[in-house]
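Worksheet: the structure to be examined is printed underneath.
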Amino acid sequence: MTNPATDRVAIWVGERQLPLIQSLSRAPGLKVMALGGDSATIRETADRLGAAHVLDPKVLAGVEADATLIADPSRIMSTEVLSAMIAETSRSNRPLLSMAPRPGSIEESAELIASTVLPSPVPCFRDLPQGQRFIAAADSFEPPNAASVEISGPEAETSLAGRLFDAFDLLSVWFGLPSFVDATAVRPIGGPGHAVPRRLFALARFPDGRAASISAGVDGGRHARITTLFGPGGRMQSLDGRLDWTGPDGEVVEHEATTTPGADDFHRELAESIRSHVRMNKSGERTRSPELIVDLLATCEAVLLSSRTGEPESVDAVRRMIGRV
């Protein structure tokens, strides 16, 4: 019998995410109930974990668990499959989570936007204890005038849009949603001009004149997130969850000791995020309204569009193009 303090999760996984899933299975308070995927390696991993193995994402959504996770950022779910997963998890009152903000394709999203229960991207910084600490600390900082966010890591952890969503989701706490975004995609040196970008730089301009810069990448290195706020309170920075606050004249207001980052930092964040969503779901809470999720998806799409056109893009204009968000 499962310990009542243990949250059960059913996971659709890709080959590249198997090391992540094996690490996730060792997270305290989390039990992998089922793995979905169509390879022998995924089946073998499920057997080692004592989990069921399924071949159909729609069947996975029906597995008895506390949450269902789509943990293959590169897989594009059809509207029919994703709609069925949304319907089944909604019927069972369990969160449907995804390591990519939009597990369906852009062209098929219009039909899904009508749903009231879109998949929730994980992990996002403001769902985590360290993110909530940073937000609470910023309450004493006064509203920031500007900000910068850098979030990076290996491609197997999430999609580029996943890192963008994480950044804009956090910025929305203080800035709301931007009016315009201006982005540049970084292409590999010597690579083909049409190569898929693995890093984006974006400038977001907000209606009240404030601005923020975002650097998001899936081009390797360890999972890292740096958020810096600038304003009347000086500079407040979160470096992998550790707080560094200096006042307007450079005086140290608060500085948390540096800790050694580990290779499994992302694994711990993902486990914490899953448990956070399960806890909120059981209590009837919602971190984000469906409208906010759609607005954040539109913001990410505006950044990706700007990186292709080389021109600033209006978030509202993209938001109105329902087929694109």
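Name the pairs whose Cβ atoms lie under 8 Å apart, with the first residue in region 57-78 and among the hydroxyl-bearing types (Ser, Thr, Tyr), the second open to solvent by 40 Å² or more (accessible area, probe 1.4 Å), and 6 or more positions between them or separate chains?
Note: pairs meeting the criteria are Ser74/Arg16; Ser78/Glu108.
Starting from region 18-41, keep only residues that are closer than 11 Å to Ala71 by Cα, then list their pairs with residues that are of a type in the set (A, V, I, L, M) and in a loop (DSSP other than H, G, I, E, B) whose Cβ atoms are within a distance under 8 Å, requiring at least 6 positions of separation or different chains.
Listed by first residue and then by second, the contacts come to Leu20/Ala156; Leu35/Ala51; Gly36/Leu55; Gly37/Leu55.
Is there a residue in region 126-148 that is of a type in the set (Gly, Ala, Ser), at pLDDT below 90 and surrounded by 15 or more Cβ atoms within 10 Å (Cβ to Cβ)?
Scanning region 126-148 turns up no residue that is of a type in the set (Gly, Ala, Ser), at pLDDT below 90 and surrounded by 15 or more Cβ atoms within 10 Å (Cβ to Cβ).
Do we find that Leu24 is under 24 Å from Asp265 (Cα atoms), at pLDDT 95 or above and aliphatic (A, V, I, L, M) in this structure?
For Leu24, the condition - under 24 Å from Asp265 (Cα atoms), at pLDDT 95 or above and aliphatic (A, V, I, L, M) - is not met.
Answer with yes or no whether Met85 is at pLDDT below 95 and either farther than 25 Å from Glu272 by Cβ or surrounded by 20 or more Cβ atoms within 10 Å (Cβ to Cβ) (or both).
yes
For the subset of region 8-42 comprising residues that are of a type in the set (D, E, K, R) and in a strand (DSSP E or B), which member is most open to solvent (accessible area, probe 1.4 Å)?
Within region 8-42, the match that is most open to solvent (accessible area, probe 1.4 Å) is Lys31.
Please work out which one of (1) open to solvent by 30 Å² or more (accessible area, probe 1.4 Å); (2) in a helix (DSSP H, G or I); (3) of a type in the set (Asp, Glu) is the condition Asp166 fails and give its number.
Going through (1) open to solvent by 30 Å² or more (accessible area, probe 1.4 Å); (2) in a helix (DSSP H, G or I); (3) of a type in the set (Asp, Glu) one by one, Asp166 breaks only (1).
If you go through region 201-217 one residue at a time, do you hit one that is within 29 Å of Arg16 (Cβ to Cβ) and either part of a loop (DSSP other than H, G, I, E, B) or modelled with pLDDT under 90 (or both)?
no
Can you work out which of the residues in region 43-69 that are closer than 13 Å to Ser25 by Cβ and either of a type in the set (A, V, I, L, M, F, W, C) or in contact with a Pro (Cβ under 9 Å, 6 or more places away or on another chain) (or both) is surrounded by the most Cβ atoms within 10 Å (Cβ to Cβ)?
Among those residues, the one meeting the criterion is Leu69.
Taking region 114-125, which residues are of a type in the set (Ser, Thr, Tyr) and at pLDDT 90 or above?
Within region 114-125, just Ser120 meets the criteria.
The values are calculated or read from the model by the stated rules, or taken from the named source; none is laboratory data. Computed from a predicted structure; not experimentally measured. Counting neighbours? That spans all protein chains shown, and the Cβs are built from the backbone with ideal geometry, glycine included. All accessible areas refer to the heavy atoms of the entire protein, side chains included, with ligands and DNA or RNA removed. Shrake-Rupley method; radii C 1.70, N 1.55, O 1.52, S 1.80 Å.
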